[in-house]
Amino acid sequence: MNLKTPAHSLTTAELAAWLNLRPQTIRKRYSATGSYFGVVPKKGPNRLLLWPADSVEQLAGDA
């Protein structure tokens, strides 16, 4: 699957939309393991998790 992703970081809600998941699913996995299947987010200044946009295609290909 070839997805065109933006060159910035994605919020958890945006990542969930790209992967066709609920944001809660991503947050739960992150809470348990510190990553979502190997993708580690950065914490934004407002405490939101910011996921690297270039990892979306990798995750979508694995799904």
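Among the residues of region 41-56, the one identified as within 18 Å of Leu21 (Cβ to Cβ) and surrounded by fewer than 15 Cβ atoms within 10 Å (Cβ to Cβ) is Leu48.
Only residues that are under 15 Å from Pro52 (Cα atoms) and either among the aliphatic types (A, V, I, L, M) or loosely packed, with under 12 Cβ neighbours inside 10 Å (or both) were counted in region 17-34, giving 4.
Taken together, the values in this text are just the output of simple stated rules run on the coordinates, not laboratory data. Predicted model, so just to flag it, every value in this text is computed and none were measured. Every residue, glycine as well, gets a Cβ built from its backbone with ideal geometry; the counts of neighbours run over all protein chains shown.
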